[in-house]
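The values are calculated or read from the model by the stated rules, or taken from the named source; none is laboratory data. Every value quoted in this text rests on a predicted model; they were computed, and no experiment measured them. Please note: Cβ atoms are built from the backbone with ideal geometry, for glycine as well, and neighbour counts cover all protein chains shown.
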Ligand SMILES: CC(C)(COP(=O)(O)OP(=O)(O)OC[C@H]1O[C@@H](n2cnc3c(N)ncnc32)[C@H](O)[C@@H]1OP(=O)(O)O)[C@@H](O)C(=O)NCCC(=O)NCCS
């Protein structure tokens, strides 16, 4: 038996997709919109296998896409496993960006599971990412028990909340000097990149859009979900500064009638943010607003006369992070406070260069716009641009012979990377062991970020 782990050739793309559950008509892992919204449709939704024409279209697009890096497992020439990374940039604390390998579309056919094929593909994808100068990998986990063993750990959260219209009164505020407009998909496709570009740099965890990110927006109905509708906000000068995608699902049952679902809402300033919500939470002929994929820290709560009216009905992890190159990743972000921390990472079998004791020093007020030359463990290609321009305290991270302040697992360090998880919780659970007084507090203060990291779309 000959096993090969390699990128599929263009003529092997159809076989590659066939290793993925969704290409065969099996459900995506993510609950369908209706179920996620509490709507009337059953889950899993009905799906049909991709047609040969669809597979050919996917292949044509993917082969041309320079951000798409597929890998496959072939056993005796037959494709039995598929995965891929997408090259993104993710906003990190301080406002800079880090190149990131987004692991996506993963499957091993049922007859070949639990034989280590995913592990080998993951290893190949980590190598590829490091060669491209991507010090970080991220993914959405179908099941919470699979990806920890590869070093991934939750780094962002997603919250679903509901608000009954009769309880949704807003506190008084200055009148909005701007304007709102309902637009069709064509105009929404123009507005989204403008708003996202403005928001992305100010929200840790936001991703760069890949080409075609908003191509799928449409005015067509999606089953009983109803069509997406688009609400745009402009400032007093007529510049677009906020947008929302929402639906009024056509309900099969009276119990679900009158729900307005806000699928996405982004605004580059508080005035636009408030204006969009103020229309959506008081929409005639509706009873409830549901927002299924929001950050945990939603300022709207603080704009309500009754903050308790916003009821969180589900909270889950969203993106999981995995540091591939500890010193490069840590020097690409800024820190909430200046300080020095020595820490030991052990047990990273997939990226062994991460193991060792590191001295992280976050300075005050020094610009960090280039890759430090004092980072021996990295494999940064010479032509990789320094895209990170942090505004907070920049840092150096070098190997040290000093005694460590703490020992931390690679997944725990990955969870802390964007600053949204609790160092104290991780220590309490045994993922961080302090060796000096106050080490956990210093770790917590240096890595924290406010507002919490959030990514408004996945991959
Ligand atoms: C998830 C999936 C890709 C794993 O592929 P695989 O080749 O079977 O995985 P491996 O054999 O390399 O597994 C590596 C380890 O993960 C474990 N593992 C794999 N899938 C698991 C699962 N679903 N639940 C718990 N553990 C799992 C294996 O037992 C193995 O453990 P070990 O390292 O302790 O020996 C495959 O089972 C699959 O296609 N599942 C259905 C589709 C799916 O869930 N895709 C993920 C989309 S994000």
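Restricting attention to segment 128-147, which residues are surrounded by fewer than 16 Cβ atoms within 10 Å (Cβ to Cβ) and within 16 Å of the ligand (Cβ to nearest atom)?
142, 143, 144, 145, 146
Are any of the residues in segment 42-58 within 16 Å of the ligand (Cβ to nearest atom), at pLDDT 95 or above and in contact with a helix residue (DSSP H, G or I) (Cβ under 7 Å, 6 or more places away or on another chain)?
no
Which one is nearest to the ligand (Cβ to nearest atom) among residues in segment 59-82 that are in contact (Cβ under 8 Å) with a residue 40 or more places away in the chain and closer than 22 Å to residue 455 by Cα?
69
Quick one: what pairs do we get from segment 96-115, first residue on the phi > 0 side of the Ramachandran plot, second assigned to a strand (DSSP E or B), C-beta under 7 Å, 6+ apart or different chains?
Pairs found: 105/82; 105/83; 105/84.
Taking the options 160, 119, name whichever one is modelled with pLDDT under 95 and either within 14 Å of the ligand (Cβ to nearest atom) or touching a strand residue (DSSP E or B) at 6+ places or on another chain (Cβ under 8 Å) (or both).
Step by step, each of 160, 119 is checked, and only 160 is modelled with pLDDT under 95 and either within 14 Å of the ligand (Cβ to nearest atom) or touching a strand residue (DSSP E or B) at 6+ places or on another chain (Cβ under 8 Å) (or both).
Of all helices (runs of 4 or more DSSP H) completely enclosed by segment 378-459, which ones contain at least 1 residues that are at pLDDT below 95 and crowded, with 19+ Cβ neighbours inside 10 Å?
It comes to none.
What number goes with the only condition from (1) closer than 26 Å to residue 99 by Cβ; (2) in contact with a helix residue (DSSP H, G or I) (Cβ under 6 Å, 6 or more places away or on another chain) that residue 309 does not pass?
(1)
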